Structures are given as structure tokens and as C-alpha cells.
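What follows draws every value from the coordinates through simple rules; no lab data is involved. Quick caveat, the model's predicted, so the values are computed rather than measured. Using ideal geometry, Cβ is built from the backbone for each residue, glycine included, and neighbour counts are taken over all protein chains shown.
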Amino acid sequence: MSLLNFQLPAPTPTLFASFLTLDQAILDALPIGVYACDVEGRIVRVNHRAVQLWGRAPKLGDVAQKFCGSFRVETLDGDFVPPEETPMAHVVRTGQSFEGVEAVVLNPDGRRWVARVNVAPLRDEDGEIVGGINCFLDVTHEHDMRLALERQQRTFDLAMIASRMGTWRYTLADNICIYDANAQALYGLTEARFPHDKDGVEAKFHPDDMELMWARVAKALDPAGDGRYDVEYRVKQRDGSWRWLSAWGLVEFEGEGAARKPVAIVGASRDLNELKQAEELQRLLTNELNHRVKNTLATVQSIVNQTLRSAGDVEAARSIVNARLLALSGAHDLLTARAWSGADLTDLVARAVAPFPSGQIVRDGPSLVVLPAQALALSLALHELATNAAKYGALSRPEGRVDISWDARDGQVDLSWRESGGPPVRPPSRRGFGSRLIALASRDLAGRFRLEFEPAGVRCLISAALATSGEGSGPPQGEAGDPM
């Protein structure tokens, strides 16, 4: 019988007397501490090992030292335990035994250690409690190892939770997989045991992933292989949605050589949903970027080609191209600030007419957000209108004025450009690139466009939808010819 599970025999009439007369050499030969108290708590017998563990020898029968011979006793949490509340005192009072109780003992030299005690009452020939016997041993190393193991387990559990991982064990004999709590949450399960039969697997795993999954399982179970298992698949959640998981593990084999056979797969799984969503977003963003780059290059090519065909010389062409590209760049800056979700029309108008005399331009309208393709088209259109006004219209004279106003109604924005105070306006004899750019850009606004050459000044009305989805393809290529 193990000393850790030491139990006293049933009380007999001569037990107490027999213990008191037991040869001290026998007690001292025991590898555990043993001592006995009377009903008053006075220590009446003690062996050598108890004295060693306590770090001092109690005086037998001393009324000042009751129920325990140690210097100080504490709970495992560090709370002081008075002698009258020790297990020995409780046993003497109630006759109830204690087995496997642990407490911290403090020795006179300051050493602290963990004791595991078994305490039982001692009775006389009439069955009356006349004392108690305590058998104890030092389990400090075992206690510390247990605490370290518990801390390690807590660290592991927290790491698994933080990393969104769960563990599982699949046994081939019963075709059952046991999931821990984290894995149950990942797989959308309500209990740890899950049957991996045909019905269970088809109900849980995505049909498009099962062929690869079973192929990886077969490869891992091959006795000639390394037993490694690694696969990604989708599993159905309790709400019917699908979650991407990454699963990996190692196969347990029994036997050697030709007798080697697989018995289980032990592994872990991790949530891949966010990674898969990020990969899909990256793919969409890459496609969107390619789309925008192509459209921007087409716009730039159109601007350069048409400007070179209509400009009088290289320097003039360079100046016009630079101005138009700056207008396009300004719109890109506004869109980038909003992650290409749109641009505020107030900022867009201000940026488009910034190179021109601010004292002659009046802007009036609420804060409205237009979509990216509309922002690019409007920016170029406003730039062409302002450039034409600076050359031939209201902005060519100090007293000239341009009123830009906009408002929203019925899901669209109406923008008005009205010039006054400039030289008399005559309709152009031919339609230049500026006019074509304005007209063709209106297609990306998903609305209407009207350019009027009134004698008092140029007037342009643009209507753009506010609630359309997607983006336009950028201003299409026009043809040569300036002015508007």
C-alpha cells in the first residue's frame, strides 16, 4: 500500500495504547512524518522524519504547542491557519478523518514547503476519541510541478484561443473525432464527439473540398509515409454559413515494418476566414487597380494625343497637357484620401478651379459625395470650362465672373456653370477637344450635359446620378480641335 494513501485500520480498544507503546525505532524508520496528539492537542508521540521536516523538535506534552509541531501553517493561498483550525484539531473535535489535504508549512529557518497530510482519530477501548494521529510528507516538488503544469496548460489554452486554434483526435477504430472546446467552436459543433461516417462528413464539410481532404488523409495514413496531414477546407456552421479552416496533424502508428499500421490522427485547426477574405479582397483590389490604371492611361493618352493634334507648338502642347494632367491628378488625390470610395463635390470643385482667379469664381452648394468615375469626369470637365473661360470667356477680363452652383434632388446632383461680365460670346465654328471632353465625360456621370453659348456668357448644365454603383471607365478619347 502506498504511503501517500496511508489509512489507519478501524479503531480497536487497544489502538491508542498500542501506538503509545510502539517502539520508537519503528516510528523513526518510517519515511513519512508521524505524530500523535491527545484530546487537548498536546503532542504525545513524534518520529524522526517529522522532526526533520518541521526543522525543530517539539516538546512532548507542552500545552503551549498544540495540534502541530511546525512553526507556522498556512493554506496554499498563503492564509495563516491557527493551531485550533488545523486538520488535527478538527479530527480530535469531530472524529472526521482527512486524507490528502495539502498545506504550506513554514519552518523556523524560513523554509517553506508543502505538506500532504492524512489525519485520523485515535480512540480508547470504549470508542471515545482520546487523540489523533497525523501522517504527512513533503510534496513540494510534486506541488510545484503540478502548478507548472497547470500554468503551462493555461498558457496553451490562452494561446490556442488567441490564435483561433483548436485541437482534435481522430481514431480509426471507431471512426470518431474528439474536438476540444476551441475546435468545437471552429467546426460549429455542440459536443466534443463527432462521427466521421459518410453522413456526418457530407453534412459538415463543403462538397468541393472533400476530394482533396480525403486524398490528404489517405496520404497521411500510408504506413510508408511520414504521417503528416495538412489541408484547407470549408466547414458548415450552425447558422448554415461556411468557414474556412486550416487543419494539420500527425498520424499515430503501431508496429514496425510491414506490421506498421495507423491508429489515429492528432492535430489542430485554425480559422482561415479572415485570411481568405483578405485574399479575396486583395484579388478584387488588384483587378480594380488594373482597371483604374488602364482607364487612367487611356485618359492620359487621349489628353496627350488630342492636345498634340490641336496645339500650335510643342511648348503650348506641354503647358496644356500639364494643366490637364494636374486636374486629373487633383481628382486622384481626393479619391485616394477617401480610399476611392468617392469624392466630396465641394472639394472637387475647389480643386478643379484652384489655378484660376479665386476672386472671380463663386462656388455654392452642399457637401455631396460623387462616385470615383464621376469625380474624374467632373474634374476634367470643370478644368476645361475654366481654361476656356480664362482664354475666351469671363475669366479673361478682371470684371468677369463665374458662378458654380450645385444641388441634389431625386437621387442626382445638378451642377450649373454660368459666366458673366466677359466678352460677347459667339458659338464656335468647330467643336474643339475641350467641348468633346466635357460632352464625352458626361457619359461617366450617368446623367445629362448641356453646353450653351449665350451672348452674355457660356452656360453649362451637368446632371449626375448620386446613387449608381460601380465606376465609369474614365473619359473616352475625343478628337482634335480647340477652342471649345
Legend entry - Net charge of neighbours whose Cβ lies under 14 Å from the Cβ of L172, counting Lys and Arg as +1 and Asp and Glu as -1: -2
Inset, instruction - Would you list which lysines come within 24 Å of K204, measuring only between C-alpha atoms, while excluding same-chain residues fewer than 8 positions from it? - result: K219, K236, K276
Legend entry - Approximate spin-label separation W248-L76, in nm, with each point projected 7 Å along Cα-to-Cβ: 3.6
Legend entry - Inter-centroid distance (Cα atoms) of segment 358-422 relative to segment 193-262, Å: 65
Inset, instruction - Rank the residues Y229, Y392, Y35 as a footprinting-exposure proxy: fewest other Cβ atoms within 10 Å of their Cβ go first. - result: Y392, Y229, Y35
Inset, instruction - Give me the net charge of D62's neighbourhood, meaning all other residues with Cβ under 15 Å from the Cβ of D62; Lys, Arg count +1, Asp, Glu -1. - result: +3
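Quote to one decimal, in nm, the extra length available between E399 and L149 on full extension: 0.36 nm per residue of separation minus the C-alpha distance between them.
81.3 nm
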Inset, instruction - Scan segment 105-140 for trypsin sites (Lys or Arg not before Pro) in coil per DSSP, keeping those whose Cβ has at most 15 other Cβ atoms within 10 Å, and list them by number. - result: R111
